[in-house]
Every structure is written in structure tokens, then in C-alpha cells.
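Enquirer: I have a structure I would like to understand better, so I am pasting it below and will then ask my questions one at a time.
The values are calculated or read from the model by the stated rules, or taken from the named source; none is laboratory data. What you see is a predicted model, and the numbers here were worked out from it, not measured in a lab. Note: accessible area is taken over every heavy atom of the protein model, side chains too, but ligands, DNA and RNA are not part of it. Shrake-Rupley method; radii C 1.70, N 1.55, O 1.52, S 1.80 Å.
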Amino acid sequence: MNDLSTLSLSLTYAGTLGVALLIFLGQAVVFATPLVLAGSLSLLAWTGRIITGWRRT
């Protein structure tokens, strides 16, 4: 049978990696969301300018 201290060390290590993975995914989402939003709005504005025929002077 396994030693309980080894089991608890393994669970603690896995829990730490799990929390680190959640933090990483959260930061990736927070970083990517404004980039996607800015790109979408830029594309929408560009499409609106094409449709309306608006030109820069």
C-alpha cells in the first residue's frame, strides 16, 4: 500500500498545477479579449466606411 505522505504530496502537487493552469487560462482570456474586441470593431468600422463610401481627405 502507498505511503499516505506520498499520496498527499502528489495531490498537493496536482492541485498546485491545477490552480496554476486556471490562473494561466484566466490571464490568457483577459489578455485576448481586448485584442479580439479591438480587431472586430476595427473590421466593423472599415466595413461601414466601405458601405457608405466615406473617404479620408
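Enquirer: Once Rh for the chain is found with the Kirkwood sum over Cα pairs, what is the Stokes-Einstein diffusion coefficient at 37 °C and 0.692 mPa s, in µm²/s?
Expert: The estimated diffusion coefficient comes to 211 µm²/s.
Enquirer: A further question follows. Using θ = phi - 60° and the Karplus curve 6.51 cos²θ - 1.76 cosθ + 1.60, what whole-Hz ³J(HN,Hα) does each residue of the range 13-22 get, with Gly and Pro shown as x?
Expert: Values per residue, Gly and Pro as x: 5, 5, x, 5, 5, x, 5, 4, 5, 4 Hz.
Enquirer: Using a probe radius of 1.4 Å on heavy atoms only, what accessible surface per residue do you get for the chain? Whole Å² is fine.
Expert: 96 Å²
Enquirer: Helix-derived [θ] at 222 nm for the chain: sum -39500 (n - 2.57) over DSSP H runs of at least 4, divide by residue count, nearest 500?
Expert: -32000 deg cm²/dmol
Enquirer: Using 0.36 nm times the number of residues separating Leu25 and Ala45, minus their current alpha carbon distance, what extension gain do you get?
Expert: 4.2 nm
Enquirer: Next up: Please list, in order along the range 41-54, the HN-Hα scalar couplings obtained from phi with the Karplus expression 6.51 cos²θ - 1.76 cosθ + 1.60 (θ = phi - 60°), rounded to whole Hz, x for Gly and Pro.
Expert: Values, residue by residue: 5, 5, 5, 5, 5, 4, 5, x, 5, 5, 5, 7, x, 6 Hz.
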